[in-house]
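What follows is calculated from the coordinates using simple rules that are stated; it is not laboratory data. Note that the structure is a prediction, hence the values are computed from the model and not measured. In this analysis, Cβ positions are derived from the backbone assuming ideal geometry, glycine residues included, and neighbour counts consider all displayed protein chains.
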Amino acid sequence: MTFFTTLAFVTVAIFVEFSAGVVIFDDSVGLERQFDGIGGLSGGGATSKLLVNYPEKQRDEILDYLFKPNFGASLQILKVEIGGDAQSTDGTESSHMHNSWEENYERGYEWWLMLEAKKRNPNIKLYGLPWTFPGWVGAGTRSPYTNPVQTATYILKWVQGAKKYYNLTLDFIGVWNERNYDITYIKTLRKVLDDNGLSNVRMVAADGGWGIAKDMLKDSELARAIDYIGTHYPGTLTTTASMQTGKQLWSSEDFSTFNDNVGGGCWARILNQNYVNGFMTSTISWNLIASYYQALPFFRDGLMTAVEPWSGNYVVQSPIWITAHTTQFTEIGWKYLRHGAGVGKLETGGSYVGLVSPDGKDLTIVIETMSHDHSLCIRPALPPYNVNATTVDIEFKGSFASLSALNVWYSKPSFGAEADVFFEKQKTLPIVNGKASLKLNPDEIYTLTTLEVGEKGAFDTVPPPSKPFPLPYTDDFEVYREQEEPFNLVPQVGCFEVHNTSDPTHRQVMRQVVLTAPIAWCPINLDYPITIGGNSNWTDIYAEVDVRLGGVNGTKGVFLAARVDKGGCDAFSSTGIFLYVFPQTKSYILSNDLARTSVITSGELGEVEADWNKVSLMVKGTVASGMLNGNSLFNHTVPSSPTSGFVGLGTDSWGLADFDNLKITSVQDRLHELHHMKKEDTKLYFVPGGH
């Protein structure tokens with residue numbers, strides 16, 4: 001830093017070098033807590049949805065960047081959502097038990113993801129946590145704690161199913177994400193797991209705040225049931241009560257920040273300072289990979305981004321290499337050095353942690369000097385602080401006194417015109433008589449290690465270029481396995497799965513299968529099942545789909561929509577152009593919103609087929625036109641807002657409904673198609689115009 005002073009009317013610049021003091025790494029004074037690993041979270045919800053149908057080559061590359069040891073992020077924990085049929089942030093994830101009378105372990109993609117993680121790293125730890133529950137679990141109360149044994153058994157079956165059908169052993173289980181915990185239920189879940197030979201499955205609670213620590217101090221049985229106290233977005237700080245429990249402390253969900261270089265800076269700072277400030281021995285990123293549509297909540301808040309399965313394009317962002325600074329040079333079971341003897345804050349800003357292998361032979365040091373404005377996380381607010389350049393003097397004591405050099409890995413994300421530097425191997429740091437020095441500038445990350453491993457993984461070819469969602473788009477649902485979700489449609493309320501039918505003209509269909517309202521995670525109940533897909537920037541669009549209402553447990557109506565503008569917990573307030581058809585009452589409603597509070601027009605359907613009916617909707621400018629089975633229903637002016645959005649399909653209430661032969665195309669292509677039809681046939685179709 002430069003200070004200016006005036007002497008005898010002469011301005012003199014005085015250069016002052018800041019000192020970080022002496023940083024000591026010494027294992028002779030003993031070690032502190034066990035390191036429990038760095039992880040990523042798939043779920044909460046549907047955050048890995050688009051990854052599933054990536055081309056195999058690019059999908060394998062993405063998975064390698066996430067899980068392959070000594071290659072990319074080299075994650076040590078994979079946390080997944082236990083699907084509960086309800087919206088949990090960016091979509092819904094299917095339950096293994098939609099209803100109390102059935103079980104199915106083919107649904108969803110978390111099983112597949114856990115298998116792929118284990119394939120790459122057999123030592124990765126698996127952690128399951130519910131956000132929502134099927135309605136039957138709460139026996140009509142929308143609370144999972146009404147019948148603790150029933151809910152605990154529901155979770156037990158998921159853990160058992162993972163082992164029985166996939167040979168996956170769950171290491172950790174949670175209670176209910178970011179919602180009230182129930183002491184009786186926690187004790188019941190522990191007993192149910194133990195009684196079924198699953199005492200090895202350790203419990204993390206309560207995946208919210210630190211409050212459960214006070215209850216643990218008052219209740220020894222509760223304290224015995226909980227192995228790790230997990231909190232979310234702690235801002236690197238803990239509480240006195242949590243420390244007094246003597247339990248390992250985790251930031252069991254953190255980060256949730258746009259994954260540009262500032263997001264990478266956030267991740268670098270909290271990976272160190274969660275332990276430096278809060279003694280947290282594990283940090284888990286929400287989310288693992290941003291693989292959900294733009295315009296859904298928290299877009300790109302993942303360790304990397306993969307949102308175009310149709311093109312194969314993906315982007316490896318800074319958090320991947322920030323993670324590698326810790327994970328490629330440690331393992332679960334290592335131990336932190338003591339505060340003041342290898343863990344602490346630098347006087348000039350930044351932090352450092354030292355970790356030691358179980359046999360005491362290896363040492364890894366991670367240093368970060370991320371400045372305030374370049375390491376802001378989405379939450380909580382970050383108090384101001386300064387980081388200054390320094391040369392830090394390092395002393396090695398205890399068994400480290402004989403070290404002669406350490407391997408060095410370096411990152412410096414760019415916040416200007418200069419190029420990024422991520423995870424580069426540097427010259428070794430020489431150590432003479434137990435002493436070394438290291439020049440530190442703001443916004444740097446260093447790993448100093450005795451280990452010879454480490455690789456900045458890369459592939460021979462770059463990812464394919466980005467492309468928009470393909471049009472025309474069709475899906476007859478014939479290529480999927482039973483109860484699989486269609487690839488590019490993302491359920492926001494309800495669950496939409498492929499099912500076989502006995503109808504030779506509609507062999508496989510997409511079916512909305514949730515019969516009753518689930519136990520919600522969102523603060524408001526979402527009671528209009530909807531799945532969306534395509535491009536949030538679509539304005540003028542044509543869509544058609546065959547629909548059939550269910551018999552027993554059927555819904556009353558279905559809809560086809562364009563310009564759907566919202567998802568997540570805001571799905572209920574979605575606006576767009578929604579065409580609801582009610583075959584049983586032979587009526588339709590055209591609405592400007594999902595909830596039908598802004599009806600544009602309504603009318604009679606006319607001739608309705610007893611089984612399947614084709615619904616069509618075209619929106620061009622401020623005119624919408626609808627059809628049923630080729631017969632015009634309306635040609636009506638619609639609001640100009642929203643101007644763009646997804647195509648959506650859904651039902652007007654909980655219950656079964658089938659969809660088939662989805663087609664989406666541009667208005668221009670649809671009009672071109674109509675133009676080539678026989679003149680006598682075109683009178684059956686609509687041409688956008690007035691009322």
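Tabulated values for the structure
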item: Cα-centred dipole magnitude for the chain, charges only on beta-carbon of K, R (+1) and D, E (-1), debye, nearest 20; result: 820 debye
item: Options Ala225, Thr236, Asn274, ranked by Cα towards positive dipole end of the stretch 151-293, top entry (Cβ charges); result: Ala225
item: Binned Cα-Cα distance frequencies in the stretch 473-682 - 10 Å width, integer %; result: 9, 37, 39, 14, 1, 0
item: Least to most buried among Met280, Met216 (fewest other Cβ within 10 Å first); result: Met216, Met280
item: Helix 261-276 axis, angle to the chain major axis (alpha carbon atoms, nearest 10°); result: 50 degrees
item: Debye log10 I(q)/I(0) for the stretch 35-334, one point scatterer per Cα, at q = 0.08, 0.09, 0.14, 0.15 Å⁻¹; result: -0.31, -0.40, -1.02, -1.18
item: Calculated P(r) over Cα pairs in 20 Å bins from 0, in percent (choose from (1) 17, 45, 28, 9, 1; (2) 19, 52, 25, 3, 0; (3) 14, 35, 25, 20, 6, 0), label; result: (1)
item: Computed FRET value (nearest 0.05) for Ala419 with Lys361, which takes r as the C-beta separation and R₀ as 35 Å; result: 0.45
item: Whether the stretch 473-562 is rounded, prolate or oblate, judged on the alpha carbon gyration tensor where a/c under 1.5 counts as rounded; result: oblate
item: Paramagnetic reach from Thr601 (point 7 Å along Cα→Cβ, amide N under 12 Å) across the stretch 621-663; result: 623-627, 632-639
item: Percentage relative contact order, the stretch 473-682, counting C-alpha pairs under 8 Å, at least six apart; result: 29 percent
item: Gap separating the Cα centres of the stretch 239-303 and the stretch 368-402, nearest whole Å; result: 17 Å
item: The chain: relative contact order as a whole-number percent, Cα under 8 Å and 6+ apart; result: 14 percent
item: Extension gain (nm, one decimal) between Arg507 and Val432, 0.36 nm per residue minus Cα-Cα; result: 19.5 nm
item: Rounded to the nearest 20 debye, dipole of the stretch 296-436 from Cβ charges on Lys, Arg, Asp, Glu; result: 340 debye
item: Stretch in the chain that is longest and holds no chymotrypsin sites (Phe, Trp or Tyr not before Pro) that DSSP places in a loop and that have at most 11 other beta carbons within 10 Å; result: 386-691
item: Estimated [θ] at 222 nm from DSSP helical runs (n ≥ 4, -39500 (n - 2.57)) normalised by residues in the chain, nearest 500; result: -5000 deg cm²/dmol
item: Neighbour cut-off at most 13 other Cβ (10 Å), DSSP loop, GluC sites (Glu not before Pro), the stretch 321-419; result: Glu418
item: Rounded to 10°, Cα long-axis angle of helix 183-195 versus longest principal axis of the chain; result: 90 degrees
item: Folded to 0 to 90 degrees: helix 110-120 orientation relative to the chain principal axis, Cα; result: 40 degrees
item: DSSP-assigned coil residues among trypsin sites (Lys or Arg not before Pro) in the stretch 424-493, each with at most 14 further Cβ atoms within 10 Å; result: Arg481
item: Contour minus Cα-Cα distance for Val552 and Gln668 (0.36 nm per residue); result: 37.7 nm
item: Contour minus Cα-Cα distance for Asn441 and Asn53 (0.36 nm per residue); result: 135.4 nm
item: Ranked list, fewest to most other Cβ atoms within 10 Å of each Cβ, for Leu249, Leu376, Leu50; result: Leu376, Leu50, Leu249
item: Residue order, fewest to most surrounding Cβ atoms within 10 angstrom, among Asp171, Asp593, Asp476, Asp460; result: Asp460, Asp476, Asp171, Asp593
item: Förster radius 30 Å - calculated FRET efficiency between Lys157 and Gln244, Cβ distance, rounded to 0.05; result: 0.25
item: Computed label-point distance, nm, for sites Ser466 and Leu382 using a 7 Å Cα→Cβ extension; result: 2.4 nm
